[in-house]
Structures are given as C-alpha cells and as structure tokens.
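Q: Please read through the structure below; I'll follow up with questions.
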Amino acid sequence: MKSVNHHSKLSRTLLSSLTFLFVFLVSFSVNAQDVDAERQKAGRKLFNANCASCHKLDKKSTGPALGGVEQRRENEWLKKWIRNNAELRASGDADAIAIYEEYNQSNMTAFPQLTDQNIDDILYYTTVGNIGGGPKGPEGTTTTQPINQAPKWLIWILAAAIIVAFLIIGNLLKTVSELKGAPKTPGLLGQAAELWEGIKKNTFLHVLFVIFGALITAYVLFGTLFKVGVDQGYQPVQPILFSHKIHAGDNKIECQYCHSAAKHSKHSGIPSLNVCMNCHKNISEVAEGTQVVLEEGGRVVGKTELDKEIAKIYEHVGWDKDKLEYTGNTKPIEWVRIHNLPDFAYFNHSQHVTVAGVKCQKCHGPVEEMEELYQYSPLTMGWCIDCHKETNVDLKGNEYYAKIHADLAKKYGVEQVTIAQLGGKECGKCHY
Amino acid sequence: MASNKKYWQSVEELNDSSVVETLRNTEFVQEIPTDEFLGDKETLEGSSTSRRDFLKYVGFSTAAASLAACEGPVRKSIPYVVQPNDIVVGVADWYATTIADGFDFANVLVKTREGRPIQVMPNKEAGGVTNARTQASVLSLYDSDLRVKEPRKGEAQITWADADKEIVAKLESLKNANALVYLMTGTLASPSTEKVVADFVAKYPNVKHVTYDAVSESGTADAFEAMYGMRALPNYDFSKAEVIASIGADFLGDWQGGYEKSYAEGRRADTGKMSYHVQIESNMSLSGANADKRIVAKPSIQVNALIKLFNAITGQNITTENTPIDAQINKLAQDLKKAGSKGVVVTGINDKNAQMVALAINKALNSEVIDTEAVNLTRQGSDAKVAELVSDIQSGKAKGLVTYNVNPAYSLTGFGEAIKKLDLSVAISTQDDATANATQFTLPAPHNLESWGDVMATAGKYSLVQPTIAPLFNSRQFQDVLLKWSGAEKNYYDTLKEFWSTNVLNGASWNQALHDGFFMAPVVETTESTEETSNEENVSGTVNVNAAANELAKVKSTQFELTLYTSTALGDGKQANNPWLQELPDPITRASWDNYLTMSMADAKELGFTNPVKDNGAIDGNYAKVTVNGVEVTVPVIIQPGQAKGSLGLALGYGRTQGLKKEMQVGVNAYPLYVDNKNVQYNVSVEKVGGTHKFACIQVQSTLAGRHDILREATLKEVNDKSLDPKHTWNQPFMVSYDHQETEATDKKVDLWDDHDRSLGHHFNLSIDLTSCTGCGACVVACHAENNVPVVGKDEVRVGRDMHWLRIDRYYSSTVEDKQYAEGVAMTMDEFKAQNPNIPNKDIERRYTEKVLELSKGDLFDALENPAENPEVTFQPMMCQHCNHAPCETVCPVAATSHGRQGQNQMAYNRCVGTRYCANNCPYRVRRFNWFNYADNKEFDFNMNNEYGKMVLNPDVVVRSRGVMEKCSMCIQMTQATILKAKKEGRAVKADEFSTACSQACSTGAMVFGDVNNEKDTVAKLKEDRRAFYVLDYIGTKPNVVYQVKVRNTNEA
C-alpha cells in the first residue's frame, strides 16, 4: 500500500485546507487544528497492520466501516469487543450478537495483545481519519509546451526569404553591370543547365548513379520489409486501464504473484480474476492522489476514473461491492494480447524463468515503470539467437546439466558453454 | 533362405510390371492440371475475364495482400474468471478413465489441455490396450455434426423437464396397461449401471432389458453358458501358449475385443521362445498376416478342419468330408497334442456348435491359455433375445422401446420402420443417428469422455470412467435418465460412489481407485464344491459337444461363402463419422474411405474382376452384386492375395448416412447381409455389374524403386542357433568392395560424409520390432492426434497426397525357391553362386534369374504369382528415419531441414519454400507435401474446419500451412518437454523416460523409443541387438530408426 503513504510534505501543507474539510466531514467534534499527528500516525500504523484487511473507514468491507465508531459505541465496549469479541458475545451482550449476525456470522480475530493505548490510538485514527490526500499539486505534471519560442517553420521561411533576397540582389547587380556594358555571362541557371548536359553524357556518372540508387532502394526496401510483423513498441488500448507501475512498481508486487504460470508452463498466464480479487476484494478504490499519465497525449487519469477501472473488475468477476458478495454473473475480460509470437515459433516461459533464471525485465523491459504495457523487445528470431549466442548457461546445482556440460566445455575448450553451444541454435528447438 | 524371398506390395506388380515401371517414373511428377481449364475452349472463351482483367486482378490482389500484411491482426487473450485449481495454463493434465462404447473397452489415460481432452493413450499400469478406434475416440467427442445437442420430441426441441414428464407419464400408462417395453442397450459391462437398470426394471416391471451387440459373439456366450453355466466369453492369455490354432478368429483384430498384447508377449524372439501360430482362414486378416503358418480355407472347410481337430484331440469320430488341407490339419493336431496344456484352439465362427467344439478341444487339451474364471464380459448380447425383441417390435406385441447408444435402425433391416409404429420410442443417444431420428424422443447422452461410470470388462477387474471435460452439449447420462424416471433422489455420481463403497472397494480409497482408473477385486478362492458341480456340468457338456459337432458337420460347402468382418478402422461402425478413422488405411489392403468385397485372384480371373492401376497410382475396381438370402448389395471388388478361392470378405460398419458428413458417407452397409448375426454366410452368389469404382488405396503409390530387399526375416531356428553369426547369415548387412576388400556398406570407411560426434547429450533412437508389430494402426492415429496431421479426404488420398507422418507398410512375400526346383532348371542358385564367386551377394539373385532361368524382371514376378495365392505378410511401420546422413538435408536449397545434435532431422516449416526436392531424394518416401490449407478450408471439411473439431488440436505443435513439406519430427515436442521437466526438477533424465506418441500408443511393445547415450534405456540395448538392422542400409543414410528382424516360428526342431 505504498501509494497510500505517497504524499510529500509539501503537498500536505499545501492542501491542509482540504484535509480540514475531510476531517470535518468525518468528525464534528475534533477540530483540524487539534489533530495530534503523532498519535494519528501510530493509530494508522496499527489500523493498517491489524484492521485494514477487513475494515475500512468510510465503507463496509468484510466488517463494518469504522470511521467515527467512537461516536456510535462506548469506548469500554469497543475495547472488550476488540480484545475478545467471542467472549463478549458469550456474555450475552445484545449489541455484539446483533453485529455478529449482521455480518453473516463471520468471526473477527481476537486481539488480546493490544494495549489500551494501542486501541485508543486506533480509535483516534478512526476518528480523525487520514490527513492529507487529494490530488497532487502542479509540480507533479510536466508542462510540455515551450514558452516564448518561435515555431520552427517560421525560421525556415525567414531563411528562404533571405536567400531569395540575396539571389534577387545578385541578379539585379548583374543586370546593372550588363547594362553598363559588361560581357554577358551565363547565369546561375545557365551554368546548372550546362552541368546537367555534362552529367547526361557522362556514362561513369550514370553507372554510379544507378549503383547508388539501387543500393539505397535495397537498403530502404530491406529495412522496411524486415520491419513487417515486428511490433516493437506495440501498445494497444486495453479494456481496463491497468497500470503495471502501480502494481509492480509502487506496490512492489512480485511479477509471478499474478503471472504464476510462468514458472511451470510455456505461457506466463494472464491472471484470472480471482487472483485480482485476492487484493481488490478490499481495495475498491485507489489512494487519494493516485494518477496515471497516459502516453498518448499525456492525458492524466485521476482517482475518479481509476476507481471506475477497479469497478470494471467487479463487473467482470460479478462482485457486488455493496453487499460484498459474488453475484455469479461473470464476464471474462478480453485483454488485447501484446506479445504475439507466430504459431511456428515455440517459446516456453518456464525454461527461461525456472531453469535459466532469466529476469522478466530482460525481455519485457522495465514493466514496473510502465503505466500502460507495451512490447519492449522486437521478438524477432535474430533477437532470440543473439541472446542464445551470448548467454552462458548457468548450471549450478542442476544435475541435468552435470555431464553434458562437462563434455561440451571440453569439446569447445571453454569454461562455460553458451546456450547456442548447448544446441539452443538448432531450428528444431523452437520450430515444431 | 532369406535371399530367395521377394517382397512386393500389390497384385499389379505381379500382373503387369509395366504399370509399376510407369508409376516409378511418374512418382514425383504431379502436374498442375492446366489442361483441365485451358483445354476446355468453350469455358475459356465463355469467360468474361480477359487477359487484361486477369493481370489487373493479379496486380490488385498483390497490392492488397501487401497492404493487409502491414497491419497485424488484434489478438485477444481471455483469462479464466476463476481458474480451476488443477489447471496451469499450458501444462497438460492426465486423467485415468475407461473407454467403453459397447464395442471397444480399454483402460486409458486422457491428456487434457486447459480442460480439453486432446489425446487418448493406453493406461499401461492397468494393462490397457488401445486400438485405432479408442485412440480416435477423442475426436468423436468433438463431432458437432453427429452428436445430439438438445433433447428433442420429433423435430421440435424440448426441455429435459418436459421430456421427463411426458415420457414418465407414458411409461406409467404403459405399466398400468402391462404393455411390454424394451430397453435396448449395447454391452454395458458396468456393474453400477446394471444395478441402475435393475432398479428401473423393478419400478417398471413391464420393461425388459435386452443387450444388443451389433457384431455378435452370442455363439461363444451360448456355448460357454452351456458348458460352464455362466453367460460370458472365456478369456485367453496367449502369452502362455506354445501352439495357437485359430480357425477364422481374428484375435489380433476385433474378435472378442482383441488379444494382441498377450499374443506379442508370447512371441518375444529374444527369449528364444515363441508361440507357433497357425491360422486357418478365408479372408486375409491381421491374425492371418501375423501367423507363422496360414492355411487358406473357405469357411465350410474351416468347419471341417475344426471337426478334424476335435476328432484328433478328443478321440471322437465325427464323419467329415476330405479336404485338400487335411494333411496340414493332421500335422496341426499333432502339434497341439504335443503342446498339451500349452496349446489352444480358437474359432471365429459365431455359432454355438462351433464354439462348443472349440471349448471342448481346449478342455481336452487342458489348456492353460484359456481362462474360464476371469471371464471376458465385453460381449453380452444374446442372438435369441435380440431376435425375440425384433419380432415383438415388428409384430406390435411390444408397445415401447428405449434405446441407449445402439443404432438398430441402421444395423437391423427394417427396424427403423417398425420403431415408428410404437406407442413410445425414446433414443438416449450420443449420436444423432438413424435410430435417434426414428424415435419420438431423442435425448442427448454425453460422450464417454464426458461421463462418470464403471466398467468390468474382465471379471474381477473394476475400472472407473471419469469425465475429462464438462459436457459440451445439453446432455444427461443414461444412468441419470433412468434414475430420474425411477424416481430416485440421488444422481448417478452419488449412486456410483455408494455402489463402489459398498460392493467394490471393501474399504479401499475411492480417490486412489479414481486416480489409478481401476481396482482389482481380491481374488475369491473357489471352493471344492463348486469345482465338483462344474465337473458335473462337464460330463453333461461332453454329451452335448458330440451332438454339437455332429450338427456342425452338416455344413455343406457352397460355391461362394461370405465372411463378414469388422475393419480395423471402423469396427462395428460406431465412429463412422470420424475422419481420422476413415483415412486410416486398412492394414492389409491399404485402402481407406471404403469397404469392398475381397476376392481371390483365381475367382477374380474367372469372373472378370480387375483392379487396374492408373498412372498416378490410383486403383480402380469393378462392382459386384452380392446376393445373400435374397438380399442384394452392390459393392466394389478388391482382389486380395491370400483370399481362399470360393470365399468372399466384406466389412461391416460402413454405409452409414444419417447425420454423417457427406465425405464420410462411404462404403456399403453390409448389415443386411449379416443374416441371423452369422458372420459366415453360405450360398452366396456374385455377379459382375457395370461401373467403375475409384478406390483411395495407397498401396502402389510409393514404389519400392526396385529395392525389393527392404525387409529382413529369419526363422526362430536360425535366431536360436547361437553358432550362427547373424552378420553372415540371417541379418547380413550389405557388403561393398572397398580397397578390394569386402566391407559392410555401413562402415565408416565407405562413407562419403564425415561423421558427427554423437556421443554428447541425448541421441534419440526408435526401435521397431517387426516381430511384435501386428499392424493394428493405433500408432498411426496417435500420430495424427499428437502432431495435428491433417485429414485430406478420399480424393486426395487417391492421388497420393495422404499426409500420414507414420504409415504401416504391408509387404507380401513369397519364395521363388520351389518354382526353381520344380521346373528342373540347369542349376540351383547355390550352384550358380559357387561357379561365380565374383558376383556380389546382392546381385546373385538377379544374375541367376537372368542367366539361368532366362527370365526378365517381369517374368520373375510371374513366377511369383502362384505363391501369391498365399503370401506371407510383414508389416513395417515407416516414418522419417532421421538419417544421420540424410539425403533430404543436402538437397534443400534453403536449409529448411537440418540435423539436430539429438539425432532428430528437424524440419523448419517457416523456412520451407516447397521445392519438394527433399521428398524426391528421400529413399524412404516419408516426406509429405502440404498441398492445401487444410485448416479453415471448406474444401476439406474435416476436424480442422470447425470450432469443435479444432479443440482436439495439440497446442504444442503448429498447424502447418500450405506449400511446406512436413514429416515425422520424432515427437520433438515430447522429447523437449521431457528434458524441460528434468531440468526444472534439477535431475538427469530417468531411464526410459523419453517417449513418442507412437511408442506410447503401441500396446505390443514393438516400438521402443529412447536415448542411446543412456545405457539404461532399453533402446540402447536394442540398437546393438543381434536382430537390429537398418532399412536400406546400403544407401549409407545411417538412420536413427532401427528395425528388429522379423522372426517367424517355422516350428522346426
């Protein structure tokens, strides 16, 4: 939950008025000026560690919303409930039993280890809520429009005008001198015409020209044709604006937490929605101030829109976030596939991830920095082969390689053989 | 000996060698049929497309294609919403289940990918054996054309609830009226289902359950019941046999389920012991093809032979006529007597008397081979009961009929019409077949691979059936339907579990049984008292047997006798809409997409039937009108070497039309000739009628190119004689002269190429034992499934464009020896050899033929014709040999085919430009050119052209596009997967861990795959075996497929 704590001091001071408003809404009794930041911090820490998986401040989750709970319940009752709610229920407390029934008889963990001070801190936090939040200030976005800078085309026009002016002046001067009786010389254009006549008659230049032309054409054609089907940089619009930066970057979720098939299978696997729901059952909205800057046009997507993106998961998986239950109306997400290998090329993730220990980023690039995922590598055969030729096989502790590697190293006279020497360059290893 | 054998592929080679010559010259010339459209002047002139327009179109389409290529298609990736626990995307799961469709029963393992079954393999732990049909059953699962998708009443769709309500109401009213209702099923062999049926019958006492086997073994069951007091078939363990006498029983084919596994176990040449198998038959069957001695006899003579054996062994004296094969039968009787309890007699005649005689012979021999306790329960039908059912339904005595996965409207003449008169008719059926279309209600039943269930094919061995995919259509299991109608609360799954825990498991774990796919019930020791009673029965049995034999002896020979058989591909015809099976060539005739009348060469000559060969390798045939008991059927004729004179053969299971794809509506329905469920019909008349039939027969398409020494054979005596050095006698490598020294052609010195270093890493070899290969074709279908081999259809097969990566070549062989001696020639070959010591061994025969016998090559074949009346048969599975010095690799202009370090000849389809040079240069004829896009092409409307059929494709192997060459890859995707598994687990590859689809599918153990650099792999030893040889070794290709010499037990001391 790093993005929750992602607020700079500057933004906090800048937006104290917003904080005031927020806190005011949560609680009428506490004045914003009175907030004890230390206590709030301690409470928040405890809340996040112990309560956040089932409770939220402002809405129902597995358990009830806790914002302003002190107004609704006695402090003593709360302490009893928190320390051991089962005991409280067993004692026949009507309120406790009512809550238990209301939340589908789900047992709340007992927290006998929390001191009175701890509980008070937590309750303090639930009362004052979060300090800060809100969108980042203008220093967050970069302005791309250069100020007070003439457009480039104007410079070119001016330069052309100057040249034309010089030519006119030169011509005028020449005409004047001719009028004065100087011998008539062929003009600039006339000289060019003569030169052109010469070129037209020169066979050597013809040959040179043809060769040169052919080379250029071949180069361009070759370059173009080789790019056909190479989709490096392919960044399609996905049905859900999923940011790898927020998940893998900011929150440091392991790649293979979601792409768990990568270590077992040829496919890395797109996580099924139940994997998303492991976290998003509780995270129905992004933290205040989270934003995604889209590559295209630099559009900034803020909290309101991002929350709608999370809501899309709920829609697909059939999760009613108000009732907190699955409806059974599921609708699979149709992601747009980014990394497309042709059918005739076989690639196996587990070979690279599990056996070779290649980092995902080696082929997929800095995914943790990508707001929107794109194809980082060309995925051409040359690109594969290059890596196979350069990479030494890491065989430590893998008994499979023990014998064959020793033999091969002896054969090639090297200490460590490359993948290509191991046979990783043979056609049939990838084409079948 | 071996050198006197001549191998040939077809009768045409013998009759008219010029055709073969032409074929050889045109084998690779496949001209573009320009004449077809250019030659037709009218059409050409009538066309509105001028040359100018044509060029415009070409230009436009080129431009459009290049533009289209710039923009890649958008591909979607759709993950699960909730991923099932046991599925990792891209990793196959295997489930143990059982195939039981009433005809084929097998313990199998099913490979599933992302919840889709894609392959069926034998469950070897459970002793499972798969044949071509069980292998192909996974494709029938996805048969969206033939499967029933929704419950129907007449033509109209109906909900299950409504159907239940209406049918139960009707059943109740019939029950109240005490009107007879038949429940007609195939052999269920399912203990729990039988209980469900019994409960249903208890609820509706007016219901009578009748088991109907389309291809009946009722004669055996009747005989067994008479002698042993239990209605079942005896089981056989041919691995214990020393002498096997089979009279018309194709026990390596479909006879009583097939016994190829134990048969092959009893014929391991390396142990020095082999059973001696004598087959007396009229059609050339798989068993006959594998037999050590094949005695050709038409059915009436077979009956005679059976009685003679009975006389000789039991000492009875039933009078029979004398026949030409008497001497051979007497010899066989002596052999059997000598073998005693190690001898066995089986007969395929579906007749109670004949079967009783056979059982009595086995009893007299005290045969260990036959098992009368752990009996075979795979055919439970009774001809008498079926006959009663048919007459009750036709007479109107029965008012209702419920069928389950049987198709009597197709296999019983006139039954479809009779059904329509009934008050209630319901078909619970997987297939929307003729019966399902004749009944009032049609209820979809799930496919075997979508069902729960249990099977007891052999008494005492319980097998479980579990679903490997969620039902594709709105189906409900037969058992669930009956439970519902009986008003039971529980569903079938719970009933099954309860049944197992109370009756089967005896406290053992259900989950373990489900995991294993089978459960062996503890053997119950038979008490003495039961033995005594069985002895009493035996006494009474002996009396009956004499009567039976006397009855049997009344069979009189007629001019033509027809034997109806089931083909290796289609069996009883249940899977007739399965393109893999339709395209599977018959192991003997090598014809696919057809059934036909097989006829002996002599009869064909007499009646004027021919099989002319076209110069593109296609075979034509004439039609014959066959009349049995007043029923006429017109079928094409194939002349079959080894067919008994006066006998005819015809396969059942073809000629289905209802619900089948047009391409699959091939052949002729032979069931109308299957009068009284007798597989042998006497008093048959044949008459030639007009018309030419076009066969899709691949037998002459790949010529031998004059290399008639493609096989090696030896006798058991030779192999057992340790004093013989095989290299100089029965497994002689080809010798060449090198530096004036006789050197083996495979020697390194002789080689044109430098040798690769093959000692590093893995080096894969496949060993194929020609002795164990029965030609069953399971490997061919397994290869289709594993490697996404396309089906091309009848017309393409006809012109030699079949795509089989693995084919099983069938060679006939006969010996010219006799002829030479008989004609009193100037000298024998041995003498000739002694006089001309300079002539190399391989040439001796040719020179001898030319010089001494003064025969040309064509004449030599003529000399072979007589022996061809009963040729020996050898099967040789042939696929890419993965030559270490591959001729195909050197001729490829784009290096699309290259050699891997692990021994595989690799084919990079994306690199191939389709010159076909490689195919032309391949001496083994194993490369297949992909002429068309077979996927997504309406012209080839098979499984790769519809959404359901595509689900069977193996996602690890590419579907090839048109214009590329393809061939066996030695299942490189499987070897790579095995290696990856070992790497991931950080260990060396275990012994015999590598496998290919064909080696996995092989039930007899003829195909063994492995790494020869791993000493512990079986194949490493097989490669060095005395019997090992390479096909066409003298070409110097150094193949990685090694064959084991075919050994025949000639029964010499």
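The values are calculated or read from the model by the stated rules, or taken from the named source; none is laboratory data. Keep in mind that what you see is a predicted model, and the values were worked out from it rather than measured. Heads up, the Cβs are rebuilt from the backbone with ideal geometry, glycines too, and the neighbour counts pull from every protein chain shown.
Q: In the range B:754-782, what residues are more than 14 Å from every other protein chain (Cβ to nearest Cβ), surrounded by fewer than 23 Cβ atoms within 10 Å (Cβ to Cβ) and either out of contact with any helix residue (DSSP H, G or I) (no Cβ under 9 Å at 6 or more places or on another chain) or assigned to a helix (DSSP H, G or I) (or both)? Outline the logic, then answer.
A: From the range B:754-782, those more than 14 Å from every other protein chain (Cβ to nearest Cβ) are B:754-755, B:765-782; that's our starting set.
Those left that are additionally surrounded by fewer than 23 Cβ atoms within 10 Å (Cβ to Cβ): B:754-755, B:770.
B:Asp754, B:Leu770, listed by residue number.
Q: Only one of B:Tyr1034, B:Tyr1043 is surrounded by 23 or more Cβ atoms within 10 Å (Cβ to Cβ), closer than 18 Å to B:Tyr924 by Cβ and not acidic (Asp, Glu); which?
A: When all the criteria are applied, what remains is B:Tyr1043.
Q: Out of the residues in the range A:308-332 meeting the condition of being in contact with a Lys or Arg (Cβ under 8 Å, 6 or more places away or on another chain) and not hydroxyl-bearing (Ser, Thr, Tyr), tell me which one is farthest from the other protein chains (Cβ to nearest Cβ).
A: A:Asp322
Q: Taking B:Ser898 and the conditions (1) within 28 Å of B:Gln9 (Cβ to Cβ); (2) among the polar types (S, T, N, Q); (3) assigned by the TED database to the domain that holds B:Ala782, which numbered condition does it fall short on, given that it satisfies the others?
A: In the conditions (1) within 28 Å of B:Gln9 (Cβ to Cβ); (2) among the polar types (S, T, N, Q); (3) assigned by the TED database to the domain that holds B:Ala782, B:Ser898 misses (1) alone.
Q: While we're here: Can you tell me which residues in the range B:315-352 are within 29 Å of B:Asp383 (Cα to Cα) and part of a helix (DSSP H, G or I)?
A: B:Lys352
Q: Looking at (1) surrounded by 14 or more Cβ atoms within 10 Å (Cβ to Cβ); (2) of a type outside the set (A, V, I, L, M, F, W, C); (3) not assigned by the TED database to the domain that holds A:Trp335, which is the only condition A:Thr217 fails?
A: (1)
Q: Now a separate question. Does B:Thr403 satisfy being part of a loop (DSSP other than H, G, I, E, B), within 29 Å of B:Phe518 (Cα to Cα) and in contact with a Ser or Thr (Cβ under 8 Å, 6 or more places away or on another chain)?
A: Numbers: part of a loop (DSSP other than H, G, I, E, B): no; within 29 Å of B:Phe518 (Cα to Cα): yes; in contact with a Ser or Thr (Cβ under 8 Å, 6 or more places away or on another chain): yes.
The answer is no for B:Thr403.
Q: Additional query: Assuming A:Thr304 fulfils every condition listed in (1) more than 9 Å from chain B (Cβ to nearest Cβ); (2) closer than 30 Å to B:Gln973 by Cα; (3) surrounded by fewer than 14 Cβ atoms within 10 Å (Cβ to Cβ) apart from one, which condition is it?
A: So the condition that A:Thr304 fails would be (2).
Q: Taking the range B:942-996, which residues are within 13 Å of chain A (Cβ to nearest Cβ), touching a strand residue (DSSP E or B) at 6+ places or on another chain (Cβ under 7 Å) and among the small types (Gly, Ala, Ser)?
A: Answer for the range B:942-996, where residues must be within 13 Å of chain A (Cβ to nearest Cβ), touching a strand residue (DSSP E or B) at 6+ places or on another chain (Cβ under 7 Å) and among the small types (Gly, Ala, Ser): just B:Ser969.
Q: Filter the range B:78-108 down to the residues that are under 19 Å from B:Gln512 (Cβ atoms) and in contact with an Asp or Glu (Cβ under 9 Å, 6 or more places away or on another chain), then identify the one that is surrounded by the fewest Cβ atoms within 10 Å (Cβ to Cβ).
A: Here the answer is B:Asp86.
Q: Tell me, yes or no, whether the range B:443-451 has at least one residue that is modelled with pLDDT of 95 or more, part of a strand (DSSP E or B) and under 23 Å from B:Glu155 (Cβ atoms).
A: Yes, because at least one residue in the range B:443-451 is modelled with pLDDT of 95 or more, part of a strand (DSSP E or B) and under 23 Å from B:Glu155 (Cβ atoms).
Q: Quickly run through the range A:266-278 and pick out the residues that are more than 7 Å from chain B (Cβ to nearest Cβ), in contact (Cβ under 8 Å) with a residue 12 or more places away in the chain and outside any loop (DSSP other than H, G, I, E, B).
A: A:Val275, A:Cys276, A:Met277
Q: Scan the range B:784-793 for residues that are within 14 Å of chain A (Cβ to nearest Cβ) and either among the charged types (D, E, K, R) or in a helix (DSSP H, G or I) (or both) and report the count.
A: Our first condition is that a residue be within 14 Å of chain A (Cβ to nearest Cβ); within the range B:784-793, this holds for B:786-789.
From what's left, either among the charged types (D, E, K, R) or in a helix (DSSP H, G or I) (or both): B:786-787.
The total comes to 2.
Q: Go through the range B:373-400 and give me each residue that's part of a strand (DSSP E or B) and either at pLDDT 95 or above or not β-branched (Val, Ile, Thr) (or both).
A: Across the range B:373-400, the qualifying residues are B:Glu373, B:Ala374, B:Asn376, B:Ala398, B:Lys399, B:Gly400.
Q: Related question: Quick check on the range A:387-404. Is at least one of its residues within 21 Å of A:His339 (Cβ to Cβ), within 19 Å of the chain's Cα centre (by Cα) and in a helix (DSSP H, G or I)?
A: No, the conditions are met nowhere in the range A:387-404.
Q: Now, a different point. Do you know which of the residues in the range B:114-142 that are charged (D, E, K, R), touching a residue at least 24 places away in the same chain (Cβ under 8 Å) and in contact with a helix residue (DSSP H, G or I) (Cβ under 9 Å, 6 or more places away or on another chain) is surrounded by the fewest Cβ atoms within 10 Å (Cβ to Cβ)?
A: By that ranking, first place goes to B:Glu125.
Q: Among B:Asp145, B:Asp162, which is the only one that is outside any strand (DSSP E or B) and farther than 25 Å from B:Gly115 by Cα? Step through it out loud before you land on a result.
A: Working: B:Asp145 fails: farther than 25 Å from B:Gly115 by Cα.
Within the list B:Asp145, B:Asp162, the selection yields B:Asp162.
Q: Checking B:Glu687 against (1) surrounded by fewer than 22 Cβ atoms within 10 Å (Cβ to Cβ); (2) farther than 30 Å from B:Glu606 by Cβ; (3) among the charged types (D, E, K, R), which single condition isn't satisfied?
A: Looking at each condition in turn, B:Glu687 falls short on (2).
Q: Got a sec? Which of A:Ala218, A:Ala214, A:Ala193 is touching a Pro at 6+ places or on another chain (Cβ under 9 Å), among the aliphatic types (A, V, I, L, M) and without any contact (Cβ under 8 Å) to a residue 24 or more places away in the chain?
A: Criteria check complete, one pass: A:Ala193.
Q: Go through the range A:389-420 and give me each residue that's more than 10 Å from chain B (Cβ to nearest Cβ) and either polar (S, T, N, Q) or buried (at least 18 other Cβ atoms within 10 Å of the Cβ) (or both).
A: Answer for the range A:389-420, where residues must be more than 10 Å from chain B (Cβ to nearest Cβ) and either polar (S, T, N, Q) or buried (at least 18 other Cβ atoms within 10 Å of the Cβ) (or both): A:Thr391, A:Asn392, A:Val393, A:Gln416, A:Val417, A:Thr418, A:Ile419.
Q: Inside the range B:420-442, can you point out the residues that are assigned to a helix (DSSP H, G or I) and either crowded, with 23+ Cβ neighbours inside 10 Å or of a type in the set (D, E, K, R) (or both)?
A: Across the range B:420-442, the qualifying residues are B:Thr435, B:Ala436, B:Ala438.
Q: Continuing with this model, one more query. Going by the conditions given, is A:Glu285 without any contact (Cβ under 8 Å) to a residue 60 or more places away in the chain, more than 14 Å from chain B (Cβ to nearest Cβ) and not hydroxyl-bearing (Ser, Thr, Tyr)?
A: Judged against the criteria, A:Glu285 is a match.
Q: Looking only at residues that are surrounded by 15 or more Cβ atoms within 10 Å (Cβ to Cβ) and closer than 19 Å to B:Tyr909 by Cα in the range A:327-344, which one is nearest to the chain's Cα centre (by Cα)?
A: A:Asn340
Q: State which residue is surrounded by the fewest Cβ atoms within 10 Å (Cβ to Cβ) when the search covers only the range B:895-917 and only residues that are more than 8 Å from chain A (Cβ to nearest Cβ) and more than 11 Å from B:Val964 (Cβ to Cβ).
A: Checked the range B:895-917; the qualifying residue surrounded by the fewest Cβ atoms within 10 Å (Cβ to Cβ) is B:Ala895.
Q: In the range B:144-198, what residues are crowded, with 21+ Cβ neighbours inside 10 Å and free of Cβ contacts under 8 Å to residues at least 24 places away in the same chain?
A: Within the range B:144-198, no residue meets the criteria.
Q: Does the range B:574-615 hold any residues that are touching a residue at least 12 places away in the same chain (Cβ under 8 Å), over 19 Å from the mean Cα position of the chain (by Cα) and not in a loop (DSSP other than H, G, I, E, B), and which are they?
A: Selection gives B:Met599, B:Met601, B:Ala602, B:Asp603, B:Ala604, B:Leu607, B:Val613.
Q: Kindly list the number of the only condition in (1) more than 12 Å from chain B (Cβ to nearest Cβ); (2) over 21 Å from A:Tyr374 (Cα atoms); (3) hydroxyl-bearing (Ser, Thr, Tyr) that fails for A:Ser243.
A: Every listed condition holds for A:Ser243 apart from (2).
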